[in-house]
Amino acid sequence: MSKVFDIALKDLTRSLRSAMALMFMFGIPLLVTGLFYLMFGSRASQGEFNLPRTRLVIANLDTDAPRLQSSSGSVPGGIQANTMSELVVNVLRSEKMADLLETSVVPDAASARSAVDSRQAQVAIIIPNGFSRQFADPYGLAEIEFFQDPTLTLGPGVVRSILSQFMDGLAGVRIVVNVAMDELDPAEYGKVAQIVQQYLDTSPMNEEDLAESLLDERLATKPESTSQQNARSLIRILGPFMGGMMVFFAFVTASSSAESLLREQEEGTLQRLFTTPTLQSIILGGKFLAVFLTVLVQITVMFLAGRLIFGIAWGALSSGIIVAFGIVLMAASFGIFINSLLRDTRQGGVVFGGLLSLTGMIGMMSVFAMNAPEAGNLGNTVSLLVPQGWAVRGILQLLDGVTGTPLVLNTMVMLVWGTVFFSIGVWRFNKRYG
(Lines give C-alpha, C1' and ligand atoms only; values in the text may rest on other atoms or scores of the structure.)
Protein backbone atom coordinates (compact mmCIF):
# COMPACT_ATOMS: atom_id res chain seq x y z
CA MET A 1 0.00 0.00 0.00
CA SER A 2 2.90 2.36 0.73
CA LYS A 3 4.07 1.97 -2.88
CA VAL A 4 0.62 3.06 -4.11
CA PHE A 5 0.93 6.29 -2.13
CA ASP A 6 4.55 6.78 -3.21
CA ILE A 7 3.56 6.59 -6.88
CA ALA A 8 0.54 8.83 -6.29
CA LEU A 9 2.53 11.49 -4.42
CA LYS A 10 5.22 11.45 -7.10
CA ASP A 11 2.66 12.10 -9.84
CA LEU A 12 0.90 14.72 -7.69
CA THR A 13 4.18 16.57 -7.12
CA ARG A 14 4.88 16.49 -10.85
CA SER A 15 1.48 18.01 -11.60
CA LEU A 16 1.90 20.76 -9.01
CA ARG A 17 5.29 21.67 -10.49
CA SER A 18 3.80 22.17 -13.95
CA ALA A 19 3.08 25.82 -14.70
CA MET A 20 0.49 24.82 -17.29
CA ALA A 21 -1.31 22.52 -14.86
CA LEU A 22 -1.35 25.21 -12.16
CA MET A 23 -2.75 27.71 -14.63
CA PHE A 24 -5.71 25.44 -15.47
CA MET A 25 -6.21 24.32 -11.87
CA PHE A 26 -6.13 27.71 -10.18
CA GLY A 27 -5.01 30.53 -12.47
CA ILE A 28 -7.82 30.71 -15.03
CA PRO A 29 -10.77 30.16 -12.64
CA LEU A 30 -9.44 32.74 -10.16
CA LEU A 31 -8.43 35.15 -12.92
CA VAL A 32 -11.86 35.15 -14.59
CA THR A 33 -13.67 35.44 -11.26
CA GLY A 34 -11.26 38.20 -10.25
CA LEU A 35 -12.01 40.14 -13.42
CA PHE A 36 -15.71 40.14 -12.54
CA TYR A 37 -14.87 41.19 -9.01
CA LEU A 38 -12.62 44.03 -10.20
CA MET A 39 -15.22 45.21 -12.70
CA PHE A 40 -17.94 45.58 -10.07
CA GLY A 41 -16.34 45.05 -6.67
CA SER A 42 -14.91 48.50 -6.09
CA ARG A 43 -18.16 50.13 -7.14
CA ALA A 44 -20.17 47.79 -4.92
CA SER A 45 -17.99 48.49 -1.89
CA GLN A 46 -18.58 52.22 -2.40
CA GLY A 47 -22.34 51.78 -2.74
CA GLU A 48 -22.30 52.58 -6.48
CA PHE A 49 -23.42 49.23 -7.83
CA ASN A 50 -26.88 50.43 -8.87
CA LEU A 51 -29.48 48.83 -11.04
CA PRO A 52 -29.86 50.38 -14.51
CA ARG A 53 -33.25 51.84 -15.43
CA THR A 54 -35.47 49.37 -17.23
CA ARG A 55 -37.25 50.61 -20.35
CA LEU A 56 -40.94 49.69 -19.99
CA VAL A 57 -43.90 50.23 -22.32
CA ILE A 58 -47.52 49.86 -21.20
CA ALA A 59 -50.61 49.28 -23.31
CA ASN A 60 -53.77 49.87 -21.27
CA LEU A 61 -56.66 48.31 -23.20
CA ASP A 62 -59.05 48.39 -20.23
CA THR A 63 -61.38 50.99 -21.74
CA ASP A 64 -64.64 49.84 -20.16
CA ALA A 65 -63.50 49.92 -16.54
CA PRO A 66 -65.62 50.76 -13.47
CA ARG A 67 -64.42 53.79 -11.53
CA LEU A 68 -62.74 53.38 -8.17
CA GLN A 69 -65.00 54.33 -5.28
CA SER A 70 -62.35 55.69 -2.93
CA SER A 71 -60.60 58.89 -2.06
CA SER A 72 -57.07 59.53 -3.22
CA GLY A 73 -55.88 58.93 0.29
CA SER A 74 -57.08 55.34 0.12
CA VAL A 75 -54.92 54.59 -2.90
CA PRO A 76 -51.49 53.12 -2.00
CA GLY A 77 -48.86 55.83 -1.95
CA GLY A 78 -51.51 58.54 -2.46
CA ILE A 79 -51.42 58.04 -6.24
CA GLN A 80 -54.36 59.48 -8.18
CA ALA A 81 -56.37 56.99 -10.28
CA ASN A 82 -59.94 56.59 -11.49
CA THR A 83 -59.82 52.87 -12.42
CA MET A 84 -57.86 49.84 -11.30
CA SER A 85 -55.95 49.64 -14.60
CA GLU A 86 -55.17 53.34 -14.40
CA LEU A 87 -53.83 52.79 -10.89
CA VAL A 88 -51.40 50.14 -12.19
CA VAL A 89 -50.20 52.48 -14.95
CA ASN A 90 -49.80 55.47 -12.64
CA VAL A 91 -47.85 53.48 -10.05
CA LEU A 92 -45.36 52.32 -12.67
CA ARG A 93 -45.09 55.84 -14.12
CA SER A 94 -44.80 57.58 -10.74
CA GLU A 95 -41.79 59.73 -9.85
CA LYS A 96 -40.90 57.31 -7.08
CA MET A 97 -40.32 54.62 -9.71
CA ALA A 98 -38.30 56.91 -11.99
CA ASP A 99 -34.95 55.67 -10.67
CA LEU A 100 -35.90 52.12 -11.63
CA LEU A 101 -38.19 52.41 -14.63
CA GLU A 102 -38.27 54.49 -17.79
CA THR A 103 -41.95 54.08 -18.60
CA SER A 104 -43.95 55.08 -21.68
CA VAL A 105 -47.51 54.34 -22.81
CA VAL A 106 -48.52 53.03 -26.24
CA PRO A 107 -52.04 52.77 -27.65
CA ASP A 108 -52.26 49.05 -28.45
CA ALA A 109 -50.75 45.63 -27.78
CA ALA A 110 -49.05 45.39 -31.17
CA SER A 111 -47.12 48.60 -30.53
CA ALA A 112 -46.03 47.33 -27.12
CA ARG A 113 -44.72 44.04 -28.48
CA SER A 114 -43.07 45.81 -31.42
CA ALA A 115 -41.19 48.11 -29.04
CA VAL A 116 -39.66 45.09 -27.31
CA ASP A 117 -38.91 43.28 -30.57
CA SER A 118 -37.10 46.35 -31.91
CA ARG A 119 -35.14 46.77 -28.64
CA GLN A 120 -36.73 50.16 -27.97
CA ALA A 121 -38.01 48.69 -24.71
CA GLN A 122 -36.99 45.79 -22.53
CA VAL A 123 -40.41 44.91 -21.15
CA ALA A 124 -44.00 45.41 -22.30
CA ILE A 125 -47.05 45.21 -20.05
CA ILE A 126 -50.43 44.76 -21.71
CA ILE A 127 -53.54 45.33 -19.55
CA PRO A 128 -56.47 43.64 -21.29
CA ASN A 129 -59.98 45.01 -21.54
CA GLY A 130 -62.09 43.82 -18.61
CA PHE A 131 -59.12 43.75 -16.23
CA SER A 132 -60.74 46.11 -13.70
CA ARG A 133 -64.08 44.29 -13.80
CA GLN A 134 -62.38 40.93 -13.28
CA PHE A 135 -60.42 42.38 -10.35
CA ALA A 136 -63.60 43.74 -8.80
CA ASP A 137 -65.36 40.39 -9.18
CA PRO A 138 -64.72 38.25 -6.06
CA TYR A 139 -64.47 35.21 -8.32
CA GLY A 140 -62.84 36.93 -11.30
CA LEU A 141 -59.38 36.28 -12.69
CA ALA A 142 -57.52 39.53 -13.44
CA GLU A 143 -54.44 38.95 -15.60
CA ILE A 144 -51.80 41.23 -17.10
CA GLU A 145 -49.72 40.11 -20.10
CA PHE A 146 -45.98 40.35 -19.51
CA PHE A 147 -43.78 40.49 -22.63
CA GLN A 148 -39.99 40.75 -22.38
CA ASP A 149 -36.76 40.61 -24.34
CA PRO A 150 -35.75 36.92 -23.92
CA THR A 151 -32.05 37.81 -23.84
CA LEU A 152 -32.43 39.89 -20.66
CA THR A 153 -32.93 38.83 -17.06
CA LEU A 154 -32.22 41.63 -14.59
CA GLY A 155 -34.44 44.38 -16.01
CA PRO A 156 -37.47 42.14 -16.60
CA GLY A 157 -36.92 40.66 -13.15
CA VAL A 158 -37.16 44.13 -11.61
CA VAL A 159 -40.44 44.89 -13.38
CA ARG A 160 -41.89 41.47 -12.62
CA SER A 161 -41.03 41.85 -8.93
CA ILE A 162 -42.54 45.33 -8.69
CA LEU A 163 -45.70 44.39 -10.53
CA SER A 164 -46.30 41.09 -8.73
CA GLN A 165 -45.84 42.59 -5.28
CA PHE A 166 -48.06 45.57 -6.08
CA MET A 167 -50.82 43.30 -7.38
CA ASP A 168 -50.43 41.05 -4.35
CA GLY A 169 -50.97 44.10 -2.18
CA LEU A 170 -54.12 45.03 -4.06
CA ALA A 171 -55.32 41.45 -3.92
CA GLY A 172 -55.07 41.77 -0.15
CA VAL A 173 -57.61 44.57 -0.34
CA ARG A 174 -60.00 42.36 -2.27
CA ILE A 175 -59.59 39.58 0.28
CA VAL A 176 -60.35 42.03 3.09
CA VAL A 177 -63.52 43.14 1.31
CA ASN A 178 -64.67 39.57 0.65
CA VAL A 179 -64.09 38.51 4.25
CA ALA A 180 -65.85 41.59 5.57
CA MET A 181 -68.85 41.02 3.32
CA ASP A 182 -69.08 37.41 4.50
CA GLU A 183 -68.73 38.21 8.18
CA LEU A 184 -70.74 41.43 8.51
CA ASP A 185 -74.48 41.73 8.72
CA PRO A 186 -75.89 43.45 5.58
CA ALA A 187 -76.87 46.39 7.77
CA GLU A 188 -73.16 46.87 8.62
CA TYR A 189 -71.80 46.91 5.04
CA GLY A 190 -71.06 50.57 5.52
CA LYS A 191 -68.14 49.55 7.71
CA VAL A 192 -66.33 47.87 4.78
CA ALA A 193 -64.70 51.11 3.65
CA GLN A 194 -63.43 51.71 7.19
CA ILE A 195 -62.00 48.18 7.38
CA VAL A 196 -60.26 48.59 4.02
CA GLN A 197 -58.76 51.89 5.14
CA GLN A 198 -57.43 50.27 8.32
CA TYR A 199 -55.84 47.57 6.20
CA LEU A 200 -54.21 50.15 3.93
CA ASP A 201 -52.96 52.18 6.89
CA THR A 202 -50.99 49.18 8.18
CA SER A 203 -49.97 47.83 4.77
CA PRO A 204 -46.42 48.34 3.42
CA MET A 205 -48.16 49.53 0.25
CA ASN A 206 -49.00 52.79 1.98
CA GLU A 207 -45.43 53.70 2.88
CA GLU A 208 -44.15 57.07 1.77
CA ASP A 209 -41.42 55.56 -0.37
CA LEU A 210 -43.53 53.27 -2.54
CA ALA A 211 -40.60 52.15 -4.72
CA GLU A 212 -38.67 50.76 -1.77
CA SER A 213 -41.69 48.95 -0.37
CA LEU A 214 -42.43 47.25 -3.69
CA LEU A 215 -39.02 46.09 -4.84
CA ASP A 216 -37.81 42.69 -3.67
CA GLU A 217 -34.79 42.89 -1.38
CA ARG A 218 -33.03 40.34 -3.56
CA LEU A 219 -32.69 43.08 -6.18
CA ALA A 220 -30.62 45.16 -3.76
CA THR A 221 -32.61 48.37 -3.62
CA LYS A 222 -33.55 48.24 0.06
CA PRO A 223 -30.20 47.71 1.85
CA GLU A 224 -29.16 47.40 5.42
CA SER A 225 -26.61 49.90 4.28
CA THR A 226 -26.28 50.52 0.56
CA SER A 227 -22.69 49.31 0.33
CA GLN A 228 -23.37 46.12 2.29
CA GLN A 229 -26.39 45.24 0.19
CA ASN A 230 -24.61 45.93 -3.10
CA ALA A 231 -21.56 43.94 -2.07
CA ARG A 232 -23.77 41.01 -1.11
CA SER A 233 -25.55 41.20 -4.45
CA LEU A 234 -22.20 41.01 -6.21
CA ILE A 235 -21.22 37.94 -4.20
CA ARG A 236 -24.50 36.26 -5.17
CA ILE A 237 -23.38 36.64 -8.77
CA LEU A 238 -19.77 35.59 -8.18
CA GLY A 239 -20.64 32.48 -6.13
CA PRO A 240 -22.46 30.48 -8.84
CA PHE A 241 -20.06 31.69 -11.52
CA MET A 242 -16.95 30.69 -9.58
CA GLY A 243 -18.57 27.39 -8.63
CA GLY A 244 -19.29 26.65 -12.28
CA MET A 245 -15.73 27.53 -13.28
CA MET A 246 -14.40 25.34 -10.48
CA VAL A 247 -16.40 22.34 -11.74
CA PHE A 248 -15.48 22.99 -15.37
CA PHE A 249 -11.73 23.01 -14.68
CA ALA A 250 -11.90 20.16 -12.16
CA PHE A 251 -12.93 17.88 -15.04
CA VAL A 252 -10.18 19.36 -17.24
CA THR A 253 -7.60 18.77 -14.51
CA ALA A 254 -8.75 15.18 -13.92
CA SER A 255 -8.58 14.33 -17.63
CA SER A 256 -5.19 15.98 -18.01
CA SER A 257 -3.82 14.19 -14.93
CA ALA A 258 -5.09 10.79 -16.08
CA GLU A 259 -3.53 11.44 -19.49
CA SER A 260 -0.15 10.82 -17.85
CA LEU A 261 -0.84 7.11 -18.37
CA LEU A 262 -1.01 7.61 -22.12
CA ARG A 263 1.99 9.93 -22.09
CA GLU A 264 4.15 7.50 -20.14
CA GLN A 265 2.99 4.70 -22.41
CA GLU A 266 4.22 6.65 -25.46
CA GLU A 267 7.51 7.48 -23.74
CA GLY A 268 8.03 3.85 -22.69
CA THR A 269 8.35 4.61 -18.97
CA LEU A 270 5.12 2.82 -18.11
CA GLN A 271 6.30 -0.42 -19.75
CA ARG A 272 9.57 -0.22 -17.82
CA LEU A 273 7.62 0.17 -14.59
CA PHE A 274 5.70 -3.01 -15.41
CA THR A 275 9.00 -4.92 -15.67
CA THR A 276 9.90 -4.08 -12.06
CA PRO A 277 8.90 -6.35 -9.14
CA THR A 278 6.05 -3.92 -8.33
CA LEU A 279 2.70 -5.43 -9.24
CA GLN A 280 0.85 -3.89 -12.14
CA SER A 281 -2.22 -3.36 -9.96
CA ILE A 282 -0.16 -1.29 -7.53
CA ILE A 283 1.28 0.86 -10.31
CA LEU A 284 -2.12 1.54 -11.82
CA GLY A 285 -3.59 2.08 -8.36
CA GLY A 286 -0.97 4.75 -7.66
CA LYS A 287 -1.66 6.43 -10.98
CA PHE A 288 -5.39 6.47 -10.33
CA LEU A 289 -4.93 7.75 -6.78
CA ALA A 290 -2.80 10.61 -8.13
CA VAL A 291 -5.75 11.78 -10.22
CA PHE A 292 -8.02 11.83 -7.16
CA LEU A 293 -5.46 13.67 -5.02
CA THR A 294 -4.81 16.28 -7.74
CA VAL A 295 -8.50 17.10 -8.06
CA LEU A 296 -8.89 17.08 -4.27
CA VAL A 297 -6.13 19.68 -3.90
CA GLN A 298 -7.69 21.78 -6.65
CA ILE A 299 -11.22 21.74 -5.19
CA THR A 300 -9.96 22.43 -1.66
CA VAL A 301 -7.85 25.39 -2.73
CA MET A 302 -10.66 26.82 -4.85
CA PHE A 303 -13.17 26.59 -2.02
CA LEU A 304 -10.75 28.34 0.32
CA ALA A 305 -9.82 30.98 -2.26
CA GLY A 306 -13.46 31.76 -2.94
CA ARG A 307 -14.08 32.23 0.77
CA LEU A 308 -10.94 34.18 1.63
CA ILE A 309 -10.48 36.28 -1.50
CA PHE A 310 -14.05 36.95 -2.65
CA GLY A 311 -15.99 36.36 0.57
CA ILE A 312 -18.19 33.63 -0.93
CA ALA A 313 -20.07 31.69 1.74
CA TRP A 314 -20.21 28.05 0.64
CA GLY A 315 -22.58 26.97 3.38
CA ALA A 316 -21.99 24.67 6.32
CA LEU A 317 -18.61 22.92 6.50
CA SER A 318 -20.18 19.46 6.66
CA SER A 319 -22.30 20.15 3.58
CA GLY A 320 -19.26 21.50 1.74
CA ILE A 321 -17.27 18.36 2.51
CA ILE A 322 -20.09 16.15 1.21
CA VAL A 323 -20.40 18.06 -2.07
CA ALA A 324 -16.62 18.36 -2.53
CA PHE A 325 -16.22 14.60 -2.07
CA GLY A 326 -18.84 13.93 -4.72
CA ILE A 327 -17.23 16.35 -7.18
CA VAL A 328 -13.74 14.95 -6.65
CA LEU A 329 -14.86 11.34 -7.08
CA MET A 330 -16.93 12.07 -10.18
CA ALA A 331 -14.39 14.35 -11.91
CA ALA A 332 -11.43 12.04 -11.24
CA SER A 333 -13.36 8.97 -12.37
CA PHE A 334 -14.50 10.78 -15.49
CA GLY A 335 -10.87 11.60 -16.34
CA ILE A 336 -9.83 7.96 -15.93
CA PHE A 337 -12.81 6.79 -18.00
CA ILE A 338 -12.16 9.19 -20.89
CA ASN A 339 -8.47 8.32 -21.11
CA SER A 340 -9.26 4.61 -21.07
CA LEU A 341 -11.10 5.11 -24.37
CA LEU A 342 -8.16 6.83 -26.09
CA ARG A 343 -5.23 5.30 -27.94
CA ASP A 344 -2.73 8.14 -27.57
CA THR A 345 -2.29 11.74 -26.44
CA ARG A 346 -3.07 13.12 -29.92
CA GLN A 347 -6.59 11.82 -29.58
CA GLY A 348 -6.66 13.30 -26.10
CA GLY A 349 -6.07 16.82 -27.36
CA VAL A 350 -9.06 16.62 -29.68
CA VAL A 351 -11.35 14.96 -27.15
CA PHE A 352 -10.42 17.24 -24.26
CA GLY A 353 -10.81 20.37 -26.35
CA GLY A 354 -14.16 19.33 -27.78
CA LEU A 355 -15.90 16.93 -25.41
CA LEU A 356 -14.93 18.63 -22.15
CA SER A 357 -15.80 22.07 -23.49
CA LEU A 358 -19.20 20.85 -24.68
CA THR A 359 -20.15 18.92 -21.56
CA GLY A 360 -18.73 21.65 -19.34
CA MET A 361 -20.82 24.36 -20.98
CA ILE A 362 -23.94 22.20 -20.83
CA GLY A 363 -23.28 21.59 -17.15
CA MET A 364 -23.08 25.35 -16.52
CA MET A 365 -26.40 26.12 -18.25
CA SER A 366 -28.13 26.34 -14.88
CA VAL A 367 -25.68 29.11 -13.91
CA PHE A 368 -26.04 31.05 -17.15
CA ALA A 369 -29.85 30.95 -17.02
CA MET A 370 -30.45 31.13 -13.27
CA ASN A 371 -32.01 34.64 -13.41
CA ALA A 372 -34.47 33.79 -16.20
CA PRO A 373 -37.35 31.62 -14.88
CA GLU A 374 -38.27 29.98 -18.20
CA ALA A 375 -34.70 29.48 -19.41
CA GLY A 376 -33.63 28.52 -15.90
CA ASN A 377 -36.06 25.60 -15.75
CA LEU A 378 -34.82 24.33 -19.10
CA GLY A 379 -31.19 24.85 -18.11
CA ASN A 380 -31.64 22.98 -14.83
CA THR A 381 -33.04 20.00 -16.73
CA VAL A 382 -30.62 19.93 -19.66
CA SER A 383 -27.55 20.42 -17.46
CA LEU A 384 -28.31 17.18 -15.61
CA LEU A 385 -27.71 15.20 -18.80
CA VAL A 386 -23.95 15.52 -18.16
CA PRO A 387 -22.00 14.80 -14.97
CA GLN A 388 -20.83 18.40 -14.66
CA GLY A 389 -24.46 19.47 -14.27
CA TRP A 390 -24.86 17.45 -11.08
CA ALA A 391 -21.65 18.94 -9.70
CA VAL A 392 -22.83 22.48 -10.46
CA ARG A 393 -26.19 21.65 -8.88
CA GLY A 394 -24.37 20.63 -5.70
CA ILE A 395 -22.51 23.96 -5.67
CA LEU A 396 -25.74 25.91 -6.13
CA GLN A 397 -27.32 23.95 -3.29
CA LEU A 398 -24.44 24.95 -1.03
CA LEU A 399 -24.84 28.61 -1.98
CA ASP A 400 -28.58 28.42 -1.33
CA GLY A 401 -28.01 26.87 2.09
CA VAL A 402 -29.66 23.56 1.16
CA THR A 403 -28.95 20.76 3.64
CA GLY A 404 -30.22 17.30 4.47
CA THR A 405 -31.89 14.95 2.01
CA PRO A 406 -31.76 17.07 -1.20
CA LEU A 407 -28.03 17.66 -0.79
CA VAL A 408 -27.31 14.03 0.07
CA LEU A 409 -29.39 12.72 -2.85
CA ASN A 410 -27.56 14.97 -5.32
CA THR A 411 -24.22 13.78 -3.94
CA MET A 412 -25.34 10.16 -4.20
CA VAL A 413 -26.07 10.70 -7.89
CA MET A 414 -22.53 12.08 -8.29
CA LEU A 415 -21.17 8.98 -6.55
CA VAL A 416 -23.13 6.75 -8.92
CA TRP A 417 -21.71 8.61 -11.91
CA GLY A 418 -18.22 8.31 -10.42
CA THR A 419 -18.55 4.60 -9.65
CA VAL A 420 -19.68 3.81 -13.18
CA PHE A 421 -16.89 5.88 -14.77
CA PHE A 422 -14.24 4.44 -12.46
CA SER A 423 -15.34 0.82 -12.96
CA ILE A 424 -15.29 1.10 -16.75
CA GLY A 425 -12.00 3.02 -16.77
CA VAL A 426 -10.18 0.56 -14.49
CA TRP A 427 -11.53 -2.41 -16.44
CA ARG A 428 -10.33 -1.00 -19.75
CA PHE A 429 -6.87 -0.05 -18.46
CA ASN A 430 -6.40 -3.47 -16.87
CA LYS A 431 -7.47 -5.08 -20.13
CA ARG A 432 -5.04 -2.90 -22.10
CA TYR A 433 -2.02 -3.56 -19.91
CA GLY A 434 -2.98 -7.05 -18.71
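Laid out as a table, the results:
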| item | result |
| --- | --- |
| Residue match in segment 52-74 (condition: modelled with pLDDT under 80, of a type in the set (A, V, I, L, M) and outside the structural domain of PRO128 (by TED's automatic domain parsing)) | no |
| Residue satisfying condition, being in a helix (DSSP H, G or I), charged (D, E, K, R) and out of contact with any Ser or Thr (no Cβ under 8 Å at 6 or more places or on another chain), within set ARG263, ARG272 | ARG272 |
| Residue check for MET370: modelled with pLDDT of 80 or more and in the same structural domain as LEU273 (by TED's automatic domain parsing) | no |
| Matching option when the condition is within 26 Å of MET412 (Cα to Cα) and assigned by TED's automatic domain parsing to the domain that holds GLY27, among ILE312, ILE283 | ILE312 |
| Some residue of segment 282-292 being under 18 Å from GLY389 (Cα atoms), surrounded by fewer than 21 Cβ atoms within 10 Å (Cβ to Cβ), among the aliphatic types (A, V, I, L, M) and modelled with pLDDT under 90 | no |
| VAL91 vs. criteria buried (at least 17 other Cβ atoms within 10 Å of the Cβ), at pLDDT 80 or above, in contact with a Ser or Thr (Cβ under 8 Å, 6 or more places away or on another chain) and under 17 Å from ALA59 (Cβ atoms) | no |
| Single residue of segment 319-367 satisfying the filter (more than 16 Å from LEU262 (Cβ to Cβ), surrounded by fewer than 21 Cβ atoms within 10 Å (Cβ to Cβ) and not hydrophobic (A, V, I, L, M, F, W, C)) that is modelled with the lowest pLDDT | GLY354 |
| Test: VAL323 is under 20 Å from MET23 (Cα atoms) and in the same structural domain as PHE24 (by TED's automatic domain parsing) | no |
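This table checks each residue for (1) at pLDDT below 75; (2) outside any strand (DSSP E or B); (3) crowded, with 16+ Cβ neighbours inside 10 Å.
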residue	(1), (2), (3)
TYR139	yes, yes, no
ALA142	no, yes, yes
PHE147	no, no, yes
PRO150	no, yes, no
PRO156	no, yes, yes
LEU163	no, yes, yes
PHE166	yes, yes, yes
ALA171	yes, yes, no
ILE175	yes, yes, no
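The values are calculated or read from the model by the stated rules, or taken from the named source; none is laboratory data. Predicted model, so just to flag it, every value in this text is computed and none were measured. Because the Cβ atoms are built from the backbone with ideal geometry, glycine has one as well, and the counts that use them run over all protein chains shown.
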